[in-house]
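The values are calculated or read from the model by the stated rules, or taken from the named source; none is laboratory data. Please read all numbers here as calculations on a predicted model, not as lab measurements. Quick reminder, even Gly has a Cβ in these numbers, built from the backbone with ideal geometry, and neighbours come from all protein chains shown.
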Amino acid sequence: MPTHITGIAEIVLWTADQPRSVAFYRDLLGLAVISPPALKNVFLKAGEGNAGIPQMLVLVPKSPEVLAQPSGYQLHHLALEVAAAEFDALHEELSAAGYTPRGGKHPVLASRTIYVDDPDGNEVELICAEG
């Protein structure tokens, strides 16, 4: 059976403090904001994509109804690919910014991985090819 899916277009995350989350993904991880400033949700470009649609991470402010709900455990984790040449520097930048990167080992791929929690407690895996 042929696959019709060419990639992941969006990962959409709730955020309690959107400016802090934008700073994490834009300033520390280097994702570019591609949405107009007047838009309530912030769209960040994570990659080129495969079918003319960029890969995006979208930060959506929590509504009062969502803020009233228990937080956490809505997402296991998300993984973002990092250039191998930038892996160690990113680890240092995260630590310098007060985050606590954790080591890890991918169960299938020969890779280097670190995990860090974003400002809303979402676990973010940063992965690059080993070598």
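Among the residues examined, residue 98 qualifies as closer than 19 Å to residue 22 by Cβ and surrounded by fewer than 13 Cβ atoms within 10 Å (Cβ to Cβ).
The selection criterion, being over 20 Å from residue 120 (Cα atoms) and modelled with pLDDT of 95 or more, does not hold for residue 95.
Return the residues of segment 57-74 that are surrounded by 12 or more Cβ atoms within 10 Å (Cβ to Cβ) and at pLDDT 85 or above; say none if nothing qualifies.
First, the residues of segment 57-74 that are surrounded by 12 or more Cβ atoms within 10 Å (Cβ to Cβ): 57-62, 66, 71, 74.
Passing the criteria: 57, 58, 59, 60, 61, 62, 66.
Is it the case that residue 66 is of a type outside the set (D, E, K, R), within 12 Å of the chain's Cα centre (by Cα) and more than 28 Å from residue 96 (Cβ to Cβ)? When the stated conditions are applied, residue 66 does not pass them.
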